[in-house]
Amino acid sequence: MKAVIYHNTQCSKSNAALRLLLENDVNPDIVNYLETPLSSGQLKILLNQLNREAKSLIRFGEPIAKELGLSSADVRDENDWISFMVDFPILVERPIIVIENKAVIGRPPETLLALLQND
């Protein structure tokens with residue numbers, strides 16, 4: 001089973017999701033997206049796999065979001081939101097887990113169990 005986790009080692013939810021994968025005998029490729037930021041193309045693929053809009057992946061509580069004046073009430077183009085995540089990867093909601101061609105956000109970590117059971 002091919003699995004990838006877009007991971008932030010400083011995030012307890014991300015660490016819990018990784019543990020849950022390992023406990024279920026899934027050895028994912030680990031992408032520390034803060035060190036290896038996602039491209040706009042990669043984000044578009046992930047958004048498609050998640051079946052979500054770009055704005056839904058923005059972490060509005062991050063200090064950089066406040067510095068940039070971003071809020072959940074903002075109305076912007078999908079590409080604008082994607083550009084913010086490319087330029088400021090800390091804004092990307094985490095963790096994102098992809099198994100085969102399906103993805104979930106592991107918040108809470110147990111949300112990925114359904115993905116594991118479908119495989």
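Assuming a strict under-21 Å limit between Cα atoms, what lysine pair count do you get for the stretch 3-117 once near-sequence pairs (fewer than 8 apart, same chain) are dropped?
On the way: K13/K55; K13/K102; K44/K55; K44/K102; K55/K66; K55/K102.
Summing the qualifying lysine pairs gives 6.
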- Note on the structure: For F88, F60, ascending order of other Cβ atoms within 10 Å (fewest first) is F60, F88
- Item | Gained length - N48 relative to C11, 0.36 nm times residue gap less alpha-carbon distance | 10.9 nm
- Message: Taking the number of other C-beta atoms within 10 Å as the exposure measure, put E67, E62 in order starting with the fewest.
- Response: E67, E62
- Query: Roughly how tilted is helix 12-23, in degrees to the nearest 10 and between 0 and 90, from the longest Cα axis of the chain?
  - Reply: 20 degrees
- What number in nm² do you get for the chain if you take the convex hull of its Cα atoms and divide its surface by four? 6.9 nm²
- With Cα atoms, 0 to 90° folded angle of helix 40-50 axis to the chain main axis: 60 degrees
- Most mobile listed residue (P108, P28, P95) in the chain, GNM with C-alpha springs under 10 Å: P108
- Query: Which value, in debye to the nearest 20, gives the size of the charge dipole of the stretch 3-117 about its Cα centre, when Lys and Arg are +1 and Asp and Glu are -1 at the Cβ?
  - Reply: 200 debye
- Once both axes come from the Cα atoms, what is the angle between helix 78-87 and the longest principal axis of the chain, in degrees from 0 to 90, rounded to 10? 80 degrees
- the stretch 1-65: GluC sites (Glu not before Pro) in DSSP loop, at most 15 other beta carbons within 10 Å: E35, E53
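Give the order of R107, R94, R76 when sorted by the count of other beta carbons within 10 angstrom, beginning with the fewest.
Details: R107 17, R94 23, R76 14.
By the 10 Å Cβ count, ascending, the order reads R76, R107, R94.
No value in this document is a laboratory result; all are computed from the given coordinates. Note that the coordinates shown come from a computational prediction; the quantities given were computed from them, not determined experimentally. A quick note on method: Cβ atoms are made from the backbone with ideal geometry, for glycine too, and the neighbour counts reach across all protein chains shown.
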